[in-house]
1. Using beta carbons and a limit of 9 Å, which pairs, at least six apart or on different chains, have the first residue in region 338-349 and β-branched (Val, Ile, Thr) and the second one near the ligand (Cβ under 7 Å from one of its atoms) and open to solvent by 30 Å² or more (accessible area, probe 1.4 Å)?
2. Across region 1-21, what is the total count of residues that are part of a strand (DSSP E or B) and not small (Gly, Ala, Ser)?
3. Please count how many residues of region 263-303 are under 14 Å from Ala410 (Cα atoms) and either surrounded by fewer than 24 Cβ atoms within 10 Å (Cβ to Cβ) or more than 16 Å from the ligand (Cβ to nearest atom) (or both).
4. Just the residues that are hydrophobic (A, V, I, L, M, F, W, C), more than 13 Å from the ligand (Cβ to nearest atom) and open to solvent by less than 30 Å² (accessible area, probe 1.4 Å), please, taken from region 315-327.
5. Here are Lys465, Lys439: which of them is touching a strand residue (DSSP E or B) at 6+ places or on another chain (Cβ under 8 Å) and open to solvent by 50 Å² or more (accessible area, probe 1.4 Å)?
6. When region 156-173 is examined, which residues are found to be open to solvent by less than 50 Å² (accessible area, probe 1.4 Å) and within 11 Å of Cys214 (Cβ to Cβ)?
7. So, Phe296, is that one assigned to a strand (DSSP E or B), over 18 Å from the mean Cα position of the chain (by Cα) and modelled with pLDDT of 95 or more or not?
8. Take Val153 and decide whether it is farther than 30 Å from Glu395 by Cα, buried (at least 18 other Cβ atoms within 10 Å of the Cβ) and either under 29 Å from the mean Cα position of the chain (by Cα) or of a type in the set (Phe, Trp, Tyr) (or both).
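The values are calculated or read from the model by the stated rules, or taken from the named source; none is laboratory data. This one's a predicted model, so the numbers in the text were calculated from it and none came from an experiment. When we count neighbours, we look across all protein chains shown, and the Cβ atoms used for this are built from the backbone with ideal geometry, even at glycine. Ligands, DNA and RNA are excluded from the accessible area calculation, which covers all protein heavy atoms including side chains. Shrake-Rupley method; radii C 1.70, N 1.55, O 1.52, S 1.80 Å.
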Amino acid sequence: MCGIVGYIGDEQAAPILLDGLSKLEYRGYDSAGIAVYGDQGIKVVKATGRLKVLDELTHGGSMLPGTTGIGHTRWATHGAPSDINAHPHFNKDESIVVVHNGIIENYLKLKKRLQSKGYEFVSETDTEVLAHLLDYYYEGDPLEAITKIMHRVEGSYALGILFRDHPDELYAVRKDSPLIVGESGDGNLIASDVPAVLKYTRDVYFIENEEIVCLTKDKITFYNIDEEEISKEPTRIGWDMEAAEKGGYEHFMLKEIYEQPKAVADTLNPRIKDGKIVIDELGMTDEDIRKIKKIFIVACGSAYHTGVTGKYVFEGLARIPVEVDLASEFRYRNPILEPDTLVIIVSQSGETADSLAALREAKARGIRVLGIVNVVGSSIAREADNVMYTWAGPEISVATTKAYSTQLAAQYLLAVKFAHARGVITDEELAGYISDLKKLPDQIELVLGCKEKVQRFANRYLAAKDIFFIGRGIDYAISLEGSLKLKEISYIHSEAYAAGELKHGTISLIEEGTLVTAVLTQEELYQKMISNMVEVRTRGAFVMAVTNVGNQEVEKTADFVLYIPKTNRYFTNSLAIIPLQLFGYYVSLGKGLDVDKPRNLAKSVTVE
Ligand code: G6P
């Protein structure tokens, strides 16, 4: 998704903007641009493609002298990726310039009205409407013009705005699109996300919906939509720049794969106290937990896949019926939400538009919403009734790994806690589950040892056309994620199937040499899985198996086997996913692709 950076201070703005935008590259983008206020007024340079192009075009920013500026990386929604459609966008006389994240839903109506008043548009974007609308309302007071457009505009936005008449001010405003303000001794900044400002400051303000901020080089003033000054407290960011850098790894994805033992430990450990699972932030007593009749787990992408596992875990352990829903479906399908339902929204970014809309839908119906979120202070974290943070730290690679693993860990904790509170498991069993949970980080570390073996194997499949993943129960959920990891970064077509369903169609796609990855971590389903492996093998498939140590029998049917240590049957996903993440990574690496920034994808999907 788009990224915004703005700076006002004593330093040259352009290099700071370029550097800040580079920290937001993970959000995905197809063009970039910067506007700097210099001696000759506001100057804009934009370029399609990677930031490197913009960097070269501006000679590292030196061609745009000035100490105030705004920058943007664009992920096209309205209008193709092009120099013209790239932000920033000017009004006609170039006295107002805007960068925008989000979507203006009524832009066509506004555009027609503005055109009828003589405004001419040069781009196909919804954003340009904002520049002209600000021009229309501007009578010398930027704050007044901004609040006026807020009353006219429908949709989501985070904006950075410069006014030529106000050279010492930078304005920003947000509604349903993330925006933060960084306060540093050497000037002040705005950004869509914390990594963009971390080099300069750790003191950030999270801007709430319909709040406006005016930055000068040494002052930050916040306003509400009624133009009244409001006060806000800064948050001190605990993690540092190093956490957001590659730290010697070739890619963020590999670094993040290796951070999983720590991320899972950080998510589990603080919630295991004196042999009990204590989740203070849950805001629910055991009595409340006993009342739950149904759980909905709602999410997108990999977070949704953790929910598919969560269903098996909550149902199996706590005996609570669970529905798992894609947020984009949930929000429009008018789900039946009875009282005593708990909706769990799972999201790394906390900003995914569909997940946020699903949260609002549930809340509007009076249903309690628990967020499982990684980004502190994000929209889902703020709007959920309660939030349980996953402590994965910043995740930069578009393909999620460590956030995924912590989302699983959070759901295990909840399911075991719920099971105990509802009397489904005894104190003794609780102790057993807790002991298994505590072992997970070390076991993940152990599985990471298969790296070289996976790499050698992956190198044989760089030219594959189709790869299939099969499993049953939780192993099906693991297959879904293994398949997504592979396809999103290697561009190889891949599908995951509940193994028993193969014979209802997909098996016709198996031909000589097709790779089928079979996941078998559920002992009671080993034999069923082996039958499915035989079925595909007799049709020419090459079978890779991921199974528990001790299941040597599988070697009779599989061509290549990766073993994971034994854990509780409900927690196997955390271990079996590791070789599949590595497999996706090494296929993508072997093909020479942009592992961390796969084409067409975004880290944080803040539009529908
Ligand atoms: C994008 C990312 C995925 C992620 C999904 C949901 O598609 O590329 O990795 O799983 O969004 O994101 P969320 O931030 O809500 O977990």
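1. Val346/Cys300
2. Taking region 1-21 as the starting set, the residues that turn out to be part of a strand (DSSP E or B) are 3-9.
Still in the list and also not small (Gly, Ala, Ser): 4-5, 7-8.
Number satisfying all stated conditions: 4.
3. Step one: filter region 263-303 for residues under 14 Å from Ala410 (Cα atoms), giving 263-272, 277-282, 297, 303.
Filter once more, so that each one left must be either surrounded by fewer than 24 Cβ atoms within 10 Å (Cβ to Cβ) or more than 16 Å from the ligand (Cβ to nearest atom) (or both): 264-266, 268-272, 277-282.
The number of residues fulfilling the criteria is 14.
4. First, pick out the residues of region 315-327 that are hydrophobic (A, V, I, L, M, F, W, C): 317-318, 320, 322, 324, 326-327.
Pick out the ones that are also more than 13 Å from the ligand (Cβ to nearest atom) and you get 317-318, 320, 322, 324.
Across region 315-327, the qualifying residues are Leu317, Ala318, Ile320, Val322.
5. Values: Lys439 fails: touching a strand residue (DSSP E or B) at 6+ places or on another chain (Cβ under 8 Å).
Criteria check complete, one pass: Lys465.
6. Our first condition is that a residue be open to solvent by less than 50 Å² (accessible area, probe 1.4 Å); within region 156-173, this holds for 156-163, 166, 169-173.
Scanning region 156-173 gives Ile161, Phe163, His166, Glu169, Leu170, Tyr171, Ala172, Val173.
7. Values: assigned to a strand (DSSP E or B): yes; over 18 Å from the mean Cα position of the chain (by Cα): yes; modelled with pLDDT of 95 or more: yes.
Spelling it out, Phe296 is indeed assigned to a strand (DSSP E or B), over 18 Å from the mean Cα position of the chain (by Cα) and modelled with pLDDT of 95 or more.
8. Details: farther than 30 Å from Glu395 by Cα: yes; buried (at least 18 other Cβ atoms within 10 Å of the Cβ): yes; either under 29 Å from the mean Cα position of the chain (by Cα) or of a type in the set (Phe, Trp, Tyr) (or both): yes.
Yes; evaluated as a whole, the condition is true for this residue.
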